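As structure tokens, the structure follows; a few thoughts come after it.
No value in this document is a laboratory result; all are computed from the given coordinates. Source: prediction; values computed, not measured. Cβ: placed from backbone, ideal geometry, glycine included. Neighbour counts: every protein chain shown.
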């Protein structure tokens, strides 16, 4: 049975929570991370996932910590076993722009969006290499930074761009282990942050007449995590519903 790590699952309407629900529906055991979530929500959500007939554990962890990758992998192996699916969903984001950007802002984005993803991915691969399992999936979440400018998000766009480059090269390094590495750009997604005004403005840019939903991203992630996606690696899939940037 597959065991999935899903990072950045800190509220019920997020992409991370939808990914957990979709994977558990497919019979995958779940280990999710959260940070600064409402006090009781992680336990309630774990119960929701267990109700689908799979095992579920969680860990509150600051992925910006240098030892976070080792700590997380060790906890997953201890409580569930060797993970076979890694979804790097957690992200740090703040508005900046060229007049505000400084070293501290860059460092905060780098710690979570780049360093944590890179280290967690390689630790995941190394533990699989040391096991008898010859199949694995790494799925990174990006943000369309290569599709057009992201004004006032210089640090965020740069950090997510680094993960695009990392995805391609890591996929080549891990192919011999049967581990695929891909990235998903879900486009603007209504995870609770959109005001009615923002949603209305964005809706006009989607030819399908609606904004993206967390379930849209979750379905694609679940496919990339499946056996059927074994021939797809090194790809960034822009699943944006035809979002028009102009």
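With angles folded into 0 to 90 degrees, how steeply does helix 116-129 sit against the dominant principal axis of the chain? Use alpha carbons for both and round to 10.
Roughly 20 degrees, rounded to the nearest 10.
Against the longest alpha carbon principal axis of the chain, how many degrees, from 0 to 90 and to the nearest 10, is the axis of helix 68-79 turned?
40 degrees
With label points built 7 Å along Cα→Cβ from the Cα atoms of residue 227 and residue 50, find their separation and express it in nm.
2.9 nm
What is the pair-distance distribution P(r) of the chain, computed from all Cα-Cα distances in 10 Å bins starting at 0, with each bin given as a whole percent?
Reading upward from the zero bin: 7, 32, 39, 19, 3, 0.
Just subtract the alpha-carbon distance of residue 77 and residue 100 from 0.36 nm times their residue separation and send over the number in nm, one decimal. Please list the in-between numbers first.
Details: separation 23, 0.36 × 23 = 8.28 nm, distance 4.16 nm.
The residue 77-residue 100 span can extend by a further 4.1 nm.
Subtracting the Cα-Cα distance from 0.36 nm times the residue separation, let me have the gained length for residue 175 to residue 196 in nm, one decimal.
3.1 nm
May I ask for the angle, rounded to the nearest 10°, between helix 214-224 and the longest principal axis of the chain, with both axes built from Cα atoms and the value confined to 0 to 90°?
40 degrees
Would you calculate a helix-derived [θ] at 222 nm for the chain, using -39,500 (n - 2.57) for each DSSP H run of n ≥ 4 and dividing by the full residue count, to the nearest 500?
Values: 8 runs with 95 residues, N = 246.
Taken over the chain, the calculation gives -12000 deg cm²/dmol.
What per residue convex hull volume, in Å³, comes out for the stretch 171-235 when only alpha-carbon positions are used?
On the way: hull volume 6.6 nm³, N = 65.
Dividing the Cα hull volume of the stretch 171-235 by its residue count gives 102 Å³.
Could you list 181, 112 so that the one with the fewest beta carbons within 10 Å of its beta carbon is first and the one with the most is last?
Values: 181 27, 112 22.
In order of increasing Cβ crowding within 10 Å: 112, 181.
Which length gain, in nm to one decimal place, applies between residue 62 and residue 152 when the Cα-Cα distance is subtracted from 0.36 nm times their residue separation?
29.9 nm
What whole number of Å gives the distance from the Cα centroid of the stretch 28-105 to the Cα centroid of the stretch 203-227?
Cα centres, the stretch 203-227 to the stretch 28-105: 21 Å.
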